[in-house]
1. Among (1) within 15 Å of ligand 2 (Cβ to nearest atom); (2) surrounded by fewer than 17 Cβ atoms within 10 Å (Cβ to Cβ); (3) over 18 Å from Val156 (Cβ atoms); (4) not basic (Lys, Arg), where does Phe115 come up short?
2. Mind checking which pairs have a first residue in the range 97-110 that is in contact (Cβ under 8 Å) with a residue 40 or more places away in the chain and within 15 Å of Lys136 (Cβ to Cβ) and a second that is outside any loop (DSSP other than H, G, I, E, B) and within 12 Å of ligand 1 (Cβ to nearest atom), Cβ under 6 Å, 6 or more apart or different chains?
3. Which fully enclosed helices (runs of 4 or more DSSP H) of the range 37-112 have 3 or more residues being under 20 Å from Ala238 (Cβ atoms)?
4. Within the range 101-117, can you find the residues that are more than 10 Å from ligand 1 (Cβ to nearest atom) and either more than 12 Å from the chain's Cα centre (by Cα) or of a type in the set (Gly, Ala, Ser) (or both)?
5. Provide a single number: the residues in the range 63-78 that are away from ligand 1 (no atom under 15 Å from the Cβ) and touching a residue at least 60 places away in the same chain (Cβ under 8 Å).
6. Look through Ile164, Ile138 and report the one residue that is more than 15 Å from ligand 1 (Cβ to nearest atom) and at pLDDT 95 or above.
7. Identify the single condition in (1) within 19 Å of the chain's Cα centre (by Cα); (2) part of a helix (DSSP H, G or I); (3) in contact (Cβ under 8 Å) with a residue 40 or more places away in the chain that Leu142 does not satisfy, given that it satisfies every other one.
Amino acid sequence: MTPAKSAARAQRVEELGRSPKEARPVEPAPEPPGAESSVTLAQVQDHEGVQTFIALADRFMGEIGYTEHGFRHAGLVSRIAFNVLDRLGYEERIRELGAIAGYLHDMGNFVSRSFHSQTGSAITYDLLKELGMSYKEIGQVLAAIGNHEEQFGHPVNAVGAALIVADKSDVHRSRVRVKDRATFDIHDRVNYAVERSFLRVDSEVRTLTLELTIDNELADVMDYFEIFLSRMVMCRRAAEYLDCRFKIDINGTKLL
Ligand SMILES: [Fe+2]
Ligand SMILES: [Fe+2]
């Protein structure tokens, strides 16, 4: 580093109020202490706010022509996230947090589709606090919800990684609300073409395989990848976080 550059750096450090030592990167903070709580998925589901907001979110998504984002999607993602963590041997409390995050992840859509992961996290904080969940567990759930959108989300904990693969694997005919096929957009067409979707977890070889049966008359594999490529990239990262590989099998052919 030239003397001029070094002086400029020292100046910057000073401006930030940090000594050169403090300005150096350090290891991430250790796992914070914090109690486990006993808040269950059933308690979360029973909360009036949760029921109201998920219902409103689904109605709002219907108004703007989106696929189903209500209790069906919430329940399914919750179960898949739980199963992924269960099959991969995660402890009981982490599995329950996965189920809770899965159930709540799309609730923020009632505020707005844009940044629904962020608004959802903010709303979820109060609800979980009210139910008596510990700060540490709330932190895990909020980080998972806040990171589930492919535009800017990252798997930052096991709960969030399981939520990502569970959410992105819910592509299915039953999510399409538009009745007239002539007015289908590509999301409707691809979802409608999927007659069966299943996320297979193989804990022995550490793979998460999304198995899809697609009606090729309605959409082809290229259509699928056109809209789902970014989701698949996110699933691959999430699987890696869980020490697995992500695979896709469409109509019996392994594509990844
Ligand atoms: Fe979402
Ligand atoms: Fe979702």
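1. (3)
2. Ala101/Ala144; Ala101/Ile145; Ala101/Leu163
3. Working: elements: 41-46, 48-63, 71-87, 92-104.
Hits in the range 37-112: 71-87, 92-104.
4. Step one: filter the range 101-117 for residues more than 10 Å from ligand 1 (Cβ to nearest atom), giving 101-104, 110-112, 114-115.
Those that are more than 10 Å from ligand 1 (Cβ to nearest atom) and either more than 12 Å from the chain's Cα centre (by Cα) or of a type in the set (Gly, Ala, Ser) (or both): Ala101, Gly102, Phe110, Val111, Ser112, Ser114, Phe115.
5. 1
6. Numbers: Ile164 fails: more than 15 Å from ligand 1 (Cβ to nearest atom).
After ruling out the rest, the residue left standing is Ile138.
7. (3)
Here is a yes/no grid of residues against (1) among the acidic types (Asp, Glu); (2) closer than 27 Å to Cys244 by Cβ:
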| residue | (1), (2) |
| --- | --- |
| Ser134 | no, no |
| Glu149 | yes, yes |
| Phe152 | no, yes |
| Pro155 | no, yes |
| Val165 | no, yes |
| Asp170 | yes, yes |
| Thr183 | no, no |
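The values are calculated or read from the model by the stated rules, or taken from the named source; none is laboratory data. Since we're looking at a predicted model, the values are computed, not measured. Backbone-built Cβ (ideal geometry, glycine too); neighbour counts: all protein chains shown.
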